[in-house]
Amino acid sequence: MPDLNFQVCGCEAVAYAASPLLALKVEIANMYAEEPVHTISLRCQIQIEPTRRRYSAEEQPRLLDLFGDPSRWTHTLRRILWAHVNVSVPPFAGEIEIELPVPCTFDFNVAATKYFAGLEAGEIPVILQFSGTIFYARPDGMLQVAQIPWKEETRYRLPVTVWRRMMARYYPNSTWFRLRHDVFAQLYEYKVRHGIPTWEQVIERLLSPLDPPMDTPPEEPNEEDPDPKEVIH
């Protein structure tokens, strides 16, 4: 049966897609080139390996939500599941290069997004684990079917700049987060009631420690108190 070897030889952001999408360029080589491969139903699991890089003083605070205090990182840094990807590989003999489409999200409820956004520069260490079904022809022409074992894997170091440029293209100077329906309803009612035009101004108003609470009405003057100008000391 074919003896396949996988290697990632590059990565780029897909320019025109409905949502952020990275294309990993994967080279597949068959050690037994005399056995043409008709097709491969390929499955790939991609995980992030946080222990395979160093983190600057600027990056460490951004990763507190994910890994906790840096003093505990020897225990808390673990692999993070990024994506599952399925792709059909066309017929080839010897070797072929395919694009593995990896969907990305800017949802900060997702651990992979928190990790990517917390990095300033450098590379993102990932491991790709492959499985699936191979349809190939023996030298006598008979069609055969075989499974790709999970031991087939390869590592890659994805440049942080590729991910950042992709997100800047799809979400220029912005981000988004998800809220429960009841929380959003309260926030929307607050926005309308106080006539705040934008969501940014709503968040800024709520975060500002200098402004009084918007729901507290201004204190009415006491008519029984004398006018300060009329008080003679």
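The values are calculated or read from the model by the stated rules, or taken from the named source; none is laboratory data. None of the values given here were measured: they were computed from a predicted structure. Cβ sites come from the backbone with ideal geometry, for glycine too, and all protein chains shown count toward neighbours. Accessible surface areas use protein heavy atoms only, side chains included; no ligands, DNA or RNA. Shrake-Rupley method; radii C 1.70, N 1.55, O 1.52, S 1.80 Å.
Descriptive notes on the structure:
- Contact order relative to length of the stretch 1-97, as percent, for alpha carbon pairs under 8 angstrom and 6 or more apart: 37
- Under 10 Å, Cβ to Cβ, from Glu27 - net charge with Lys/Arg +1 and Asp/Glu -1: -1
- Percent accessible area from carbon and sulfur atoms, the stretch 99-199, protein chains only, probe 1.4 Å: 58
- Here the stretch 64-168 is treated with +1 on each Lys and Arg Cβ and -1 on each Asp and Glu Cβ, and its dipole about the Cα centre works out to around 260 debye.
- Cα gyration tensor, the stretch 70-147 - rounded (a/c under 1.5), prolate or oblate: prolate
- Per residue value of the accessible surface for the chain (all protein chains in place, 1.4 Å probe), Å²: 64
- Most positive-pole-ward Cα, Ile134, Phe67, Pro103, against dipole of the chain from beta carbon charges: Ile134
- The local environment of Ala13, defined by Cβ-Cβ distances under 9 Å, has a net charge of +1 under the rule Lys, Arg +1 and Asp, Glu -1.
- Apportionment of accessible area to carbon and sulfur, the stretch 10-53, percent (1.4 Å): 51
- Shape of the chain, Cα gyration tensor, a/c cut at 1.5: prolate
- Largest GNM mean-square fluctuation among Thr74, Thr51, Thr161, using the chain with Cα springs under 10 Å: Thr74.
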